[in-house]
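Participant: Sending over a structure as structure tokens; questions will come in a sec.
The values are calculated or read from the model by the stated rules, or taken from the named source; none is laboratory data. Small disclaimer: the values here were computed from a predicted structure and weren't measured. Every residue, glycine as well, gets a Cβ built from its backbone with ideal geometry; the counts of neighbours run over all protein chains shown.
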Amino acid sequence: MQLSEHEVLRRQALEELINLGINPYPADLFEVNDNSVRIKTDFEKDAAHYEGRTISLAGRIMSRRDMGKAAFVVIQDSVGKIQLYIKRDDICPGEDKQLYDVLFKKLLDLGDFIGVAGYVFRTKTGEISLHVQHLKLLSKALKPLPVVKEKEGEVFDAVSDVELRYRQRYVDLNINPHSKEVFIQRSKLVMSMRNFLNSKQYVEVETPILQPLYGGAAARPFKTHHNTLDMTLYLRIANELYLKRLIVGGFDGVFEFAKDFRNEGMDRFHNPEFTQMELYVAYKDYYWMMDLVEEMVEKICIDLYGKTEVQVGEHIINFARPWKRFTMFEAIQHFTGIDISAMDEAALRATAKELHVPIDNTMGKGKLIDEIFGEKCEAQLIQPTFITDYPVEMSPLAKKHRSKDGLVERFEAICNGKEICNAFSELNDPIDQRKRFEEQLELGKRGDEEAMMLDEDFLRALEYGMPPTAGLGMGIDRLCMILTNSHSIQDVLLFPQMRPEKTME
RNA sequence: GAUUCCGUAGCUCAGCUGGUAGAGCAUAACACUUUUAAUGUUGGGGUCUUGGGUUCGAAUCCCAACGGGAUCACCA
């Protein structure tokens with residue numbers, strides 16, 4: 001591998017360090033007793049508190065301004081940056097000035113980790129800084145980080161190459177504070193949701209990722225093989241059928257933050273592996289679940305931002321309860337002016353054509369309705385909105401509507417023109433469920449690659465009896481995109497799927 | 001999978017209708033003991049993603065491959 005000029009120089013520095021008896025990767029612990037952000041806020045509030053105290057910090061050198069026998073260095077720790085003032089005669093009080101003249105001036109580079117100890121003070125220009133009295137190299141960096149400069153909030157030479165940001169996330173996180181912030185928010189989002197569900201006494205569980213039959217959603221799976229059992233296994237596309245088995249088993253409420261895998265196209269809303277939170281609660285229905293979703297998402301938003309509104313692109317989205325609720329028919333009527341609720345297949349087909357909705361002859365009644373909704377309504381729903389009562393054909397795991405023929409008790413929450421969750425009153429009639437699976441098998445035979453498989457064990461479980469249950473699947477990545485105003489799913493995934501890099505030899 | 005745009009130094013970018021590569025930062029050397037996009041002086045650094053083609057001559061024009069973005073299709 002061809003080394004760049006920078007890399008050659010850093011390797012030379014590494015050797016010189018070793019020759020000087022300085023371990024560039026020391027094993028002994030460097031004790032840290034504060035961090036960059038806390039120092040700045042605390043010193044601002046109460047400078048006297050820092051009187052006579054020795055503070056030790058560790059971090060990465062991000063910039064340096066060398067001025068002969070003194071220098072200003074900015075280091076970055078996990079929470080932020082702070083300036084150090086390093087004076088030669090302070091870190092080298094005796095005759096031997098090697099630590100400053102050689103180690104600091106010649107052998108330390110941007111990106112190296114150092115540990116420092118000293119006292120906090122304010123410089124002439126007012127910046128709270130650490131006056132360094134002890135300096136130690138903690139880890140040498142052999143590759144240079146891109147240098148991003150900043151003045152009065154304006155950022156210069158920010159890395160704009162998204163490919164580098166996604167492939168080398170470790171670099172991105174170091175040089176792009178916003179990027180790191182997104183992942184901290186994601187962590188808070190998950191924590192907030194988990195706390196909410198825990199507070200309701202639901203049980204967090206783990207179910208198989210490797211499944212002999214994939215089910216619970218309409219999607220193409222990843223297929224793999226188990227050698228010892230000599231059998232085909234699939235990476236789960238959903239965990240729905242396993243969680244419902246647990247409801248059969250007597251849990252009142254179970255949930256799982258699940259990585260699911262779908263072998264389909266990739267774009268700014270889709271990654272082959274993604275995260276869903278699925279929740280099933282016994283003795284509840286989809287109306288109840290709508291209330292819970294509103295309550296949960298509103299709470300998450302407040303936990304993250306202290307308010308219910310977030311800026312998403314050009315819109316301000318408000319998650320305050322209650323959210324708007326439309327049946328699918330009402331939504332279509334609202335956005336097209338056409339009432340399709342009583343239409344038969346032929347009339348629907350004619351309406352779709354009239355509305356310039358692309359359709360084909362294989363589409364049945366349910367699919368036609370779904371297409372019209374998808375084309376004419378979904379993108380226009382910016383504020384969080386529940387769409388309810390879907391055609392039965394699209395929802396083989398949902399319970400038939402208590403009063404509306406041909407529909408199921410299902411809702412999706414749409415926000416910023418995209419689905420963020422999907423829920424239903426779960427189908428718990430084993431006879432009906434078998435029929436629905438059989439219809440799926442028919443679709444599969446006709447070439448629908450996303451048709452569901454018939455899961456005999458799941459049916460057996462239902463035959464033992466499942467209480468009435470409300471179920472929910474919530475796209476964590478999608479929700480995170482909205483709550484962090486991220487344009488692409490890749491911005492909320494630490495390591496989004498990428499094609500292999502050319503060669504790295 | 002389709003359409004379209006992009007690929008020049010470690011990073012951010014110039015490079016016109018083809019004439020043999022440029023800046024800022026970073027880096028190296030020297031100076032500077034309160035600077036902050038530090039500063040001053042002087043250097044080094046590029047198979048212009050890869051492979052073909054057109055041409056006397058290609059970073060530039062054409063074709064293909066690879067990688068990335070956007071839009072569309074499938075989907076969450």
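Participant: Quick one: count up the residues across the range A:257-285 that are of a type in the set (A, V, I, L, M, F, W, C), farther than 19 Å from A:Y202 by Cα and under 13 Å from the mean Cα position of the chain (by Cα).
Facilitator: 2
Participant: Would a scan of the range A:197-204 turn up a residue that is surrounded by fewer than 19 Cβ atoms within 10 Å (Cβ to Cβ), modelled with pLDDT of 95 or more, in a helix (DSSP H, G or I) and not charged (D, E, K, R)?
Facilitator: Yes, the range A:197-204 contains at least one residue that is surrounded by fewer than 19 Cβ atoms within 10 Å (Cβ to Cβ), modelled with pLDDT of 95 or more, in a helix (DSSP H, G or I) and not charged (D, E, K, R).
Participant: Could you please find all residues in the range A:32-54 being among the acidic types (D, E) and either closer than 22 Å to A:D90 by Cα or assigned to a helix (DSSP H, G or I) (or both)?
Facilitator: Across the range A:32-54, the qualifying residues are A:D34, A:D42, A:E44, A:E51.
Participant: Please tell me if A:A141 is out of contact with any strand residue (DSSP E or B) (no Cβ under 7 Å at 6 or more places or on another chain), aliphatic (A, V, I, L, M) and either more than 27 Å from A:I476 (Cβ to Cβ) or loosely packed, with under 13 Cβ neighbours inside 10 Å (or both).
Facilitator: Taking the combined requirement at face value, the residue satisfies it.
Participant: In the range A:300-364, which strands (runs of 3 or more DSSP E) lie fully inside it and hold 1 or more residues that are of a type in the set (D, E)?
Facilitator: Per the criteria, A:309-312.
Participant: Given the criterion more than 12 Å from A:V132 (Cα to Cα), in contact with a strand residue (DSSP E or B) (Cβ under 7 Å, 6 or more places away or on another chain) and at pLDDT 95 or above, identify the matching residue among A:Q76, A:Q83.
Facilitator: Unique residue meeting the criteria: A:Q76.
Participant: Tell me which residues, restricted to the range A:441-459, are at pLDDT 90 or above and in a loop (DSSP other than H, G, I, E, B).
Facilitator: Matches in the range A:441-459: A:L454, A:D455.
Participant: Quick check on A:L29: is it out of contact with any Cys (no Cβ under 6 Å at 6 or more places or on another chain) and in a helix (DSSP H, G or I)?
Facilitator: No.
Participant: Of the conditions (1) closer than 30 Å to A:H49 by Cα; (2) within 11 Å of RNA strand B (Cβ to nearest atom); (3) more than 38 Å from the chain's Cα centre (by Cα); (4) not β-branched (V, I, T), A:K106 clears all except one; give me its number.
Facilitator: (1)
Participant: Is one or more of the residues making up the range A:293-303 within 16 Å of RNA strand B (Cβ to nearest atom) and either under 16 Å from A:G215 (Cα atoms) or at pLDDT 95 or above (or both)?
Facilitator: Yes, the range A:293-303 contains at least one residue that is within 16 Å of RNA strand B (Cβ to nearest atom) and either under 16 Å from A:G215 (Cα atoms) or at pLDDT 95 or above (or both).
Participant: How many residues, within the range A:39-53, are at negative phi and exposed (fewer than 14 other Cβ atoms within 10 Å of the Cβ)?
Facilitator: Here the count works out to 9.
Participant: Something else now. Out of the range A:16-69, which residues are in contact (Cβ under 8 Å) with a residue 60 or more places away in the chain, within 11 Å of A:L138 (Cβ to Cβ) and within 16 Å of RNA strand B (Cβ to nearest atom)?
Facilitator: Result: A:P24, A:R60.
Participant: Looking only at the range A:128-175, filter to residues that are among the basic types (K, R) and in a strand (DSSP E or B); which one of those is farthest from RNA strand B (Cβ to nearest atom)?
Facilitator: Out of the qualifying residues, it is A:K136.
Participant: Return the residues of the range A:8-26 that are farther than 25 Å from A:D77 by Cβ and assigned to a helix (DSSP H, G or I); say none if nothing qualifies.
Facilitator: The answer is A:V8, A:L9, A:R11, A:Q12, A:E15, A:E16, A:I18, A:N19.
Let's see how each residue does on (1) surrounded by 13 or more Cβ atoms within 10 Å (Cβ to Cβ); (2) among the acidic types (D, E); (3) under 28 Å from the mean Cα position of the chain (by Cα):
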position: A:A461; (1), (2), (3): yes, no, no
position: A:I476; (1), (2), (3): yes, no, yes
position: A:L479; (1), (2), (3): yes, no, yes
position: A:T484; (1), (2), (3): yes, no, yes
position: A:F495; (1), (2), (3): no, no, yes
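Yes/no matrix, rows are residues, columns are (1) surrounded by fewer than 16 Cβ atoms within 10 Å (Cβ to Cβ); (2) farther than 27 Å from A:E375 by Cα; (3) in contact with a helix residue (DSSP H, G or I) (Cβ under 9 Å, 6 or more places away or on another chain):
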| site | (1), (2), (3) |
| --- | --- |
| A:C301 | no, yes, yes |
| A:G306 | yes, yes, no |
| A:V312 | no, no, yes |
| A:F319 | no, no, yes |
| A:W323 | no, no, yes |
| A:Q333 | no, no, no |
| A:T336 | no, no, yes |
| A:D339 | yes, no, yes |
| A:D344 | yes, no, yes |
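Participant: Within the range A:162-180, restricting attention to residues that are surrounded by 12 or more Cβ atoms within 10 Å (Cβ to Cβ) and charged (D, E, K, R), which residue is nearest to A:M498 (Cα to Cα)?
Facilitator: Ranking the qualifying residues of the range A:162-180, first place goes to A:R167.
Participant: Continuing with this model, one more query. State yes or no: is A:I114 away from RNA strand B (no atom under 11 Å from the Cβ), in contact (Cβ under 8 Å) with a residue 40 or more places away in the chain and either more than 38 Å from the chain's Cα centre (by Cα) or not in a loop (DSSP other than H, G, I, E, B) (or both)?
Facilitator: So A:I114 fits the description; yes.
Participant: Name the residue that is nearest to RNA strand B (Cβ to nearest atom), counting only residues in the range A:460-497 that are assigned to a strand (DSSP E or B) and not hydrophobic (A, V, I, L, M, F, W, C).
Facilitator: A:G475
Participant: So which of A:P396, A:P430, A:P384 is in contact (Cβ under 8 Å) with a residue 60 or more places away in the chain, surrounded by 15 or more Cβ atoms within 10 Å (Cβ to Cβ) and not small (G, A, S)?
Facilitator: Result of the check over A:P396, A:P430, A:P384: A:P384.
Participant: Test A:K149 against the criterion of being closer than 16 Å to A:Y25 by Cα and either of a type in the set (K, R) or at pLDDT below 95 (or both), and give yes or no.
Facilitator: No; evaluated as a whole, the condition is false for this residue.
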